[in-house]
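Q: Quick one: the structure is below, and I'll ask about it shortly.
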Amino acid sequence: MASTDILLAGFGGQGVLFAGKILAYCGLMDNRELSWLPSYGPEMRGGTANCSVCISDEPIGSPLVLTPDILIAMNQPSFDKFISDVKTGGKVFYDSTLIEAEYDRTDIEVFGIPSSQLADDNQLKGGSNIILLGKLIKETGLFGLETVQKAIEKVVPPSKAKLIPNNLKAIEIGMNN
Amino acid sequence: MKGNEALAEAAIRAGCKCFFGYPITPQTELAAYMAKRMHKAGGVFLQAESEIAAINMVLGAASTGVRAMTSSSSPGISLKSEGISYIAGSDLPAVIINVQRGGPGLGGIQPSQADYWQATKSLGHGDFQLLVYAPASVQEMVDMVVTAFDRADKYRMPAMILADGLLGQMMEPVSFPEINVNAYDKSSWAADGHKNKREHHIINSLYLKPDELQKSVYDRYKRYEIVKENETDAELYLTEDCDILLCAYGATARVVKSAVNSAREIGIKAGMFRPKTLYPFPVKELNKACETAEKLLCVEMSMGQMIDDVKLAINCSKPVEFFGRTGGVIPTPAEILGEIKRIGGVK
């Protein structure tokens, strides 16, 4: 795959930007071109947040993703808003605990996993985003597990290093569901 | 690394010792990074009470010969304009960063390029110019900050990095090159304490005698001629055989490049001219880029500002069309391709 445009969307506070950052760092670990662009503005916890991540073998033109190859939707408004923008042949990952998926597209693959529920069941509070990432890694093969591990170790700040195992566990749960 | 943070880190590595700022979206990460890092690097970070105070602190610091910088976004730059004019009138080096957002007035907080005229033509009252650099990637932000500090010292004039909210907020891989900071001799003018060992130096922009003021402006414009001769820089992309030449700078040029590639795929010979310096404008480079072109298309995130310099540079010898988005709307590769097809007469 020469070029992959990814859009991650949800409520502020769900870790949409953080999950995007892990994907961007995966690109860095694999020596590929990448960009990460957050929506910025009057967003806050509970408001809407999204971020664009481009991974490519060529220099990246516009870092703004309007028609994603991959969509991660973490709340109902994001799913409803962006599902129609996904490219033909694209893949969608959503949190089926929070989202009732209604859509009429047959040209895309849609994967729902109860990531919020899984996070709660496994004492991984706030780990829903990373569980969805795990699912994405499994279904797209965009990055190897080792790359993801390295990226997580890089993105989690040293002061929060104790959270690295939790993130790795969340990836594993995502890959097994 | 985020664009705003990269600007800050590059400035510190380029020997910036004083940063004075005032928060404004979308450049606040820059000041936040400075607040964290600057004191460890042996410099001063100060959040001023206003943009006007911040730029006057830059004037004061620059007077002593240290490398000083401020940053803001469009409305804040307007507030700084008086101080920038004083800095230019006092022949002081300084770096000013504008991470542009939509305007006029308070406008919005999304990316824009509507401050082109302000930066290149009218940043304050009086006859003067700033060096204006237009990065298109996070890496270029780093490289251009280093160049801006160097040339500001070399020509004793303020330099601006004209970025936008998209570049400031986005994250890309970046590497920090080994920077050899040129030490310019400032001993003939810097007001850094005479210790009773020399005449005192006066930093001033007030000349009540018209002849003297005229001479100071004439002298400055002689330097601008050297700047125009030596400091232009531009990227020429697929211009050797192009029929249509697109002109764009900064973040817009990234989108334009994608559109140019798509146009080539369907057999339209499109090329791109991207000025990296907006003042001095790369006149020679543009004329070279458009040698084979029949038409030019200028694309900006504004209602059309750089297009004036494009027309002047080629002396209106070829038709120049315009496509723009404004208010914080970013043009898409598809709509630019649409314009290329329309102009190229392809249905």
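The values are calculated or read from the model by the stated rules, or taken from the named source; none is laboratory data. What you see is a predicted model; the values in this text were computed from it and never measured. Every residue, glycine as well, gets a Cβ built from its backbone with ideal geometry; the counts of neighbours run over all protein chains shown.
Q: I'd like to verify a number: residues in the range A:65-87 that are within 14 Å of chain B (Cβ to nearest Cβ) and either surrounded by 22 or more Cβ atoms within 10 Å (Cβ to Cβ) or among the hydroxyl-bearing types (Ser, Thr, Tyr) (or both), how many?
A: Qualifying residue count, the range A:65-87: 3.
Q: If you go through the range B:157-164 one residue at a time, do you hit one that is part of a loop (DSSP other than H, G, I, E, B), more than 24 Å from A:ILE55 (Cα to Cα) and either away from chain A (no Cβ under 14 Å) or not small (Gly, Ala, Ser) (or both)?
A: Scanning the range B:157-164 turns up at least one residue that is part of a loop (DSSP other than H, G, I, E, B), more than 24 Å from A:ILE55 (Cα to Cα) and either away from chain A (no Cβ under 14 Å) or not small (Gly, Ala, Ser) (or both).
Q: What number of residues in the range B:185-224 are within 27 Å of the chain's Cα centre (by Cα), surrounded by 15 or more Cβ atoms within 10 Å (Cβ to Cβ) and either in a loop (DSSP other than H, G, I, E, B) or not assigned by TED's automatic domain parsing to the domain that holds B:MET141 (or both)?
A: 5
Q: Here is a follow-up. Across the range A:89-98, which residue is surrounded by the fewest Cβ atoms within 10 Å (Cβ to Cβ) among those that are over 15 Å from the mean Cα position of the chain (by Cα) and under 16 Å from A:GLY174 (Cβ atoms)?
A: Filtering first and then ranking leaves A:THR97.
Q: Is there a residue being out of contact with any Ser or Thr (no Cβ under 6 Å at 6 or more places or on another chain), aromatic (Phe, Trp, Tyr) and more than 26 Å from B:PRO173 (Cβ to Cβ) anywhere in the range A:109-122?
A: yes
Q: Out of the residues in the range B:309-333 that are under 21 Å from B:PRO111 (Cα atoms) and out of contact with any Ser or Thr (no Cβ under 8 Å at 6 or more places or on another chain), which is farthest from the other protein chains (Cβ to nearest Cβ)?
A: Only one residue tops the list, namely B:PHE322.
Q: Follow-up. For the range B:177-199, does any single residue satisfy the condition of being modelled with pLDDT of 95 or more and within 30 Å of B:LYS2 (Cα to Cα)?
A: No: the range B:177-199 contains no residue that is modelled with pLDDT of 95 or more and within 30 Å of B:LYS2 (Cα to Cα).
Q: Need a quick list: helices (runs of 4 or more DSSP H) entirely within the range B:1-114 having at least 2 residues that are within 28 Å of B:SER187 (Cα to Cα) and β-branched (Val, Ile, Thr).
A: B:51-63, B:74-89
Q: Next question, about the same structure. Read through the list (1) within 20 Å of B:LYS276 (Cα to Cα); (2) exposed (fewer than 13 other Cβ atoms within 10 Å of the Cβ), then give the number of the only condition that B:VAL142 fails.
A: All conditions pass for B:VAL142, except number (2).
Q: Now a separate question. Scan (1) away from chain A (no Cβ under 14 Å); (2) assigned to a helix (DSSP H, G or I); (3) touching a strand residue (DSSP E or B) at 6+ places or on another chain (Cβ under 9 Å) for the single condition B:VAL146 breaks and write down its number.
A: The number of the failed condition is (3).
Q: Does the range B:169-180 contain at least one residue that is in contact (Cβ under 8 Å) with a residue 60 or more places away in the chain, within 25 Å of B:GLU29 (Cβ to Cβ), surrounded by fewer than 16 Cβ atoms within 10 Å (Cβ to Cβ) and out of contact with any Gly (no Cβ under 9 Å at 6 or more places or on another chain)?
A: yes
Q: Here is a further query. Looking for whichever is free of Cβ contacts under 8 Å to residues at least 40 places away in the same chain and either under 22 Å from B:MET170 (Cα atoms) or surrounded by fewer than 24 Cβ atoms within 10 Å (Cβ to Cβ) (or both) here; the options are B:PRO104, B:PRO75. Which one fits?
A: Within the list B:PRO104, B:PRO75, the selection yields B:PRO104.
Q: Additional query: Across the range A:50-83, what is the number of residues that are farther than 25 Å from B:PRO111 by Cα and assigned to a helix (DSSP H, G or I)?
A: Qualifying residue count for the region: 4.
Q: Follow-up. Go through (1) surrounded by 23 or more Cβ atoms within 10 Å (Cβ to Cβ); (2) at the interface with chain B (Cβ under 9 Å from one of its Cβ atoms); (3) closer than 19 Å to B:VAL256 by Cα; (4) at pLDDT 95 or above one by one and return the number of the condition A:SER62 breaks.
A: Only one criterion in (1) surrounded by 23 or more Cβ atoms within 10 Å (Cβ to Cβ); (2) at the interface with chain B (Cβ under 9 Å from one of its Cβ atoms); (3) closer than 19 Å to B:VAL256 by Cα; (4) at pLDDT 95 or above is unmet by A:SER62, namely (4).
Q: Mind checking which pairs have a first residue in the range A:48-66 that is in contact (Cβ under 8 Å) with a residue 12 or more places away in the chain and a second that is in a strand (DSSP E or B) and among the aromatic types (Phe, Trp, Tyr), Cβ under 7 Å, 6 or more apart or different chains?
A: The qualifying pairs are A:THR48/A:PHE11; A:ALA49/A:PHE11; A:CYS51/A:TRP36; A:VAL53/A:TRP36.
Q: Of the conditions (1) more than 23 Å from B:LEU208 (Cα to Cα); (2) touching a helix residue (DSSP H, G or I) at 6+ places or on another chain (Cβ under 7 Å), B:VAL66 satisfies every one except a single condition; which number is it?
A: (2)
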